[in-house]
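**Student:** Before anything else, here's the structure in question.
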Amino acid sequence: MNRRSLLIRTAGLASVLGGAWWARDHLLWPKPGLAFAAGGATPWMPYARRSSSPTVAVRLGGRQVVALIDSGAQYSVIDRGLFAELPDTGRSLFDMPLVAYGVGGGAQVGRGTALDIDLAGLRVSGLRAAILDLGPLASREWLGTPLVLGQDLLGEAVLALDPARRHSRLVARDAFVRPADLAETPVQRAGRALTAEVTVEGAIIEAVVDTGASSLLGLNRETADRVGLLDGRPQTSGMHLVLGGAARTAIIEARTVTFADQLYRRVPVGVFDQPPLPNFPGGLVGMEAFAGRRVAMDLGAGTLHVSRPLDLTVG
């Protein structure tokens with residue numbers, strides 16, 4: 001499988017849950033407790049899967065599982081199959097009906113649970129998670145991540161990424177010192193998510209910064225039409241993972257895309273169908289936008305810092 005087809009097939013791994021909409025979002029969802037070891041940070045942790053999206057090994061219920069670190073997921077999620085395998089002791093359920101939508105995918109209704117998980121150098125207690133069918137996301141034949149760590153966890157610490165080395169770490173906000181070579185990228189908070197300005201062939205859009213998405217950019221059909229991509233130019237068909245399965249998407253080449261002071265040329269953009277919901281994101285910026293760059297993301301403080309590109313033109 002060549003690189004482009006891989007990006008197409010896995011486009012939006014948190015397109016998966018990126019920009020997820022949950023009914024009952026106005027109800028109380030307590031913050032998790034984070035207890036860092038000395039130094040206030042985890043060590044640099046290697047990605048646990050070959051995907052360009054960050055994944056990490058965690059301890060849960062006495063076993064090791066792999067979690068997707070997903071800044072596009074509004075809440076953390078545990079796969080129904082994994083939840084059923086957890087020991088009964090200490091396992092909790094709460095009856096807060098949840099309706100979840102994934103980008104381009106259908107709806108699911110689930111219940112919630114509270115989890116205690118351990119990463120290297122970090123104990124997370126009381127992490128509330130939706131119990132849903134993650135489908136291929138959880139399957140070892142696909143991504144093999146039956147746990148998704150979403151904005152509820154990422155809003156409590158700084159997420160540092162080094163995509164070139166395929167490492168990530170979490171840092172307590174009061175212990176984080178920004179490296180001198182990381183420059184601030186203007187972002188805005190949209191709920192718990194971060195949105196950034198992106199231009200597509202000169203047209204400006206706001207897109208959610210989505211570490212679960214592997215491709216550089218995905219757009220919903222309305223936005224793609226507004227920026228002129230649905231002008232009759234050639235399209236190919238791709239697949240992306242969604243809640244419980246996989247969905248087809250149109251792949252259209254944008255002549256230019258700019259993000260975080262970098263210009264990209266001839267960018268394959270995934271175009272997905274938008275669920276019938278208000279405030280759904282028009283675009284998703286994925287991990288390909290950070291290739292060769294280092295990142296520090298603080299969802300709680302609403303900041304994004306990215307190292308400067310060596311070459312301002314890519315492609």
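Read-outs: derived from the displayed coordinates by stated rules, not from any lab. Quantities reported herein were computed from a predicted structural model and do not represent experimental measurements. No Cβ is skipped: glycine too gets one built from the backbone with ideal geometry, and neighbour counts run over all protein chains shown.
**Student:** Could you calculate the contour length gain from Thr199 to Arg248, that is, 0.36 nm times the residue separation minus the distance between their Cα atoms, to one decimal place in nm?
**Tutor:** Details: separation 49, 0.36 × 49 = 17.64 nm, distance 2.46 nm.
Net length gain for the segment: 15.2 nm.
**Student:** Near Val158, within a Cβ-to-Cβ distance under 12 Å, what is the net charge of the other residues, with Lys and Arg +1 and Asp and Glu -1?
**Tutor:** Summing Lys/Arg as +1 and Asp/Glu as -1 gives 0.
**Student:** State the extension gain, in nm to one decimal, for the chain segment bounded by Ala37 and Gln235, taking 0.36 nm per residue of separation less the distance between their alpha-carbons.
**Tutor:** 66.3 nm
**Student:** Ok, one more. Shape verdict for region 192-240, please, from the Cα gyration tensor: rounded (a/c under 1.5), prolate (a/b greater than b/c) or oblate.
**Tutor:** oblate
**Student:** Run the quick spin-label model on Ser139 and Arg59: label points 7 Å from Cα toward the beta carbon, then report their separation in nm to one decimal.
**Tutor:** 3.2
**Student:** Using a cut-off of 13 Å between beta-carbons, work out the net charge of the residues near Gly302 (Lys and Arg +1, Asp and Glu -1, Gly302 not included).
**Tutor:** Values: positive: Arg173, Arg189, Arg192; negative: Glu184, Asp298.
After counting each charged neighbour, the total is +1.
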